[in-house]
Amino acid sequence: MKGRKKVGDFAITDVQIFQGETGFIKGSLYIAGDRIRTVVPESGEKHDCTAHSSRLPGKYVIPGLIDIHMHGNSGCDFSDGSQEGLHVMGKYLAAHGITSFVPTSMTLPYEKLEAAFRTAAAYRSERPADGAKIVGIHMEGPFFSEKKKGAQNGDFLKHPDAEAFFRLQEGCGHAVCLVDVAPELSGAEEFIRRVSADSRVSVGHTDATYEETVRAFQAGASHVTHLFNAMTPFHHREPGVIGAASENESITAELICDGLHVHPSAVRMAFRLFPGRICLVSDALRCSGMPDGDYEAGGQRITLKNGKARLPDGTLAGAVSNLYEDMVYAMKCGICPKEAILAASLIPAKEAGVENDLGSLEPGKKADFIVCDENWNREQIYLDGIRIR
């Protein structure tokens, strides 16, 4: 990692510390190097700190967020295959409290995906000290339904191809941790059976029926891409993907909570249908953090105007907010802070397979965390035990 500073031991005291299902406890957070040393409740035994401590009464400490579905920001897109672009994206994310991410590809030719995937693998060793960690790759497409392709480029859609997936996986050092597929496509079940032993498989951009989705889950799929968006809507006689996923307690569902993709009532419904199984994602495009204007996504022109990114035909193309903003918006929709924070930290960490290292404030885990005020305004951000904001 480039530009790494020496990390010392320190403590943040007299704060409200997020402890997962327990919620917040008042106490102190002790850091040793780039790891969490221990969390001590207010009534617990104090520890010596060789460097310094900061007393921050009234402040809240939450884990660094993890975005497992984001395409870009700051004018850059993962699918560009640019190492410099990834560095720009990573710095933007870390500065906003998203300390880890899973860059997500678009539906493109295999050679473009291969080039992009290589840059993600290289970024892990070249990551700047103030850049968010890459903890995997999300392959969104090209195994999608034409009818539900959304903003994905229909020119590059393909039927599920396990051999193509494994070639791409081999080329990036097995960094792909999530791959999407429409279950109704020919060969989808066989694809899921083979690939799910290597990577988490998600149902997405699909016109699948309830029965087709159930078979996909039985074959090994365990995730749903941006719930409600680009899938069969729920109907009481044809519950589709939503019905099949909600009743299967092993399935986790993504939710874009930007105030545009999903109505507040549907946000509340999602958290009720999938208790402890909602994973907030941004689905952010390269125009995230950028002014209004014309941009590109997956070889298609998109226009950003008044906070909405659309294709020329008016199709909503993706999101422009970031995951931290989405988490706070979920709270404004009525989701309790505990559930919203878990949906943006530990739950995505589990989906990316990094929950032993990231996603919660537990001894031994990486010291990636955010200090907030009572209104969830970010005041300090730490990455690997170093304050970057």
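The values are calculated or read from the model by the stated rules, or taken from the named source; none is laboratory data. From a predicted model like this one, the values you see are computed outputs, not experimental measurements. Positions of Cβ are generated from backbone atoms using ideal geometry, with glycine treated the same way; all protein chains shown enter the neighbour counts.
Filtering 225, 232 for residues that are among the hydroxyl-bearing types (Ser, Thr, Tyr) and within 26 Å of residue 353 (Cα to Cα) leaves a single hit, 225. In the condition set (1) modelled with pLDDT of 95 or more; (2) closer than 20 Å to residue 372 by Cβ; (3) more than 18 Å from the chain's Cα centre (by Cα), residue 58 is compliant with all but (1). Quick one: is residue 215 among the basic types (Lys, Arg) and closer than 22 Å to residue 143 by Cα? For residue 215, the condition - among the basic types (Lys, Arg) and closer than 22 Å to residue 143 by Cα - is met. Scanning the range 305-335 for residues that are out of contact with any strand residue (DSSP E or B) (no Cβ under 8 Å at 6 or more places or on another chain) and under 25 Å from residue 276 (Cα atoms) returns 325, 328, 329, 331, 332, 333, 334, 335. Considering only residues in the range 109-161 that are modelled with pLDDT under 95 and at positive phi, the one that is surrounded by the fewest Cβ atoms within 10 Å (Cβ to Cβ) turns out to be 150. Considering only the range 339-351, I want to know if a residue exists there that is in contact with a Lys or Arg (Cβ under 9 Å, 6 or more places away or on another chain) and more than 16 Å from residue 267 (Cβ to Cβ). Yes. Just checking, does the range 175-188 include any residue being β-branched (Val, Ile, Thr), touching a helix residue (DSSP H, G or I) at 6+ places or on another chain (Cβ under 9 Å) and free of Cβ contacts under 8 Å to residues at least 40 places away in the same chain? Scanning the range 175-188 turns up no residue that is β-branched (Val, Ile, Thr), touching a helix residue (DSSP H, G or I) at 6+ places or on another chain (Cβ under 9 Å) and free of Cβ contacts under 8 Å to residues at least 40 places away in the same chain.
Taking the numbered list (1) surrounded by fewer than 16 Cβ atoms within 10 Å (Cβ to Cβ); (2) of a type in the set (Gly, Ala, Ser); (3) modelled with pLDDT under 95 in turn, residue 250 passes all entries but (3). Kindly indicate which of 159, 138 is over 20 Å from residue 352 (Cα atoms) and either under 17 Å from the mean Cα position of the chain (by Cα) or free of Cβ contacts under 8 Å to residues at least 40 places away in the same chain (or both). After ruling out the rest, the residue left standing is 159.
Annotation note: of 359, 334, 385, 318, the sole residue that is surrounded by fewer than 20 Cβ atoms within 10 Å (Cβ to Cβ) and either in contact (Cβ under 8 Å) with a residue 12 or more places away in the chain or touching a Lys or Arg at 6+ places or on another chain (Cβ under 6 Å) (or both) is 334.
In the range 296-383, counting only helices (runs of 4 or more DSSP H) that sit wholly within it, the ones holding 1 or more residues that are touching an Asp or Glu at 6+ places or on another chain (Cβ under 6 Å) and modelled with pLDDT of 95 or more span 323-332, 346-352. Does residue 91 count as surrounded by fewer than 23 Cβ atoms within 10 Å (Cβ to Cβ) and either more than 30 Å from residue 377 (Cα to Cα) or touching a residue at least 60 places away in the same chain (Cβ under 8 Å) (or both)? Judged against the criteria, residue 91 is not a match. With the requirement that a residue be farther than 23 Å from residue 331 by Cα and buried (at least 16 other Cβ atoms within 10 Å of the Cβ), what does the range 363-381 give you? Listed by number, the residues that qualify are 365, 366, 367. Residue check: is residue 219 more than 28 Å from residue 284 (Cβ to Cβ) and either within 23 Å of the chain's Cα centre (by Cα) or hydrophobic (A, V, I, L, M, F, W, C) (or both)? Against the criterion (more than 28 Å from residue 284 (Cβ to Cβ) and either within 23 Å of the chain's Cα centre (by Cα) or hydrophobic (A, V, I, L, M, F, W, C) (or both)), residue 219 qualifies. Applying the condition of being β-branched (Val, Ile, Thr) and at pLDDT 95 or above to the range 14-37 and asking which residue is nearest to residue 349 (Cα to Cα) yields 36. When we screen 243, 299, 204, 276 for residues that are of a type in the set (Gly, Ala, Ser), touching a Ser or Thr at 6+ places or on another chain (Cβ under 6 Å), in the same structural domain as residue 74 (by TED's automatic domain parsing) and touching a residue at least 12 places away in the same chain (Cβ under 8 Å), the only hit is 204.
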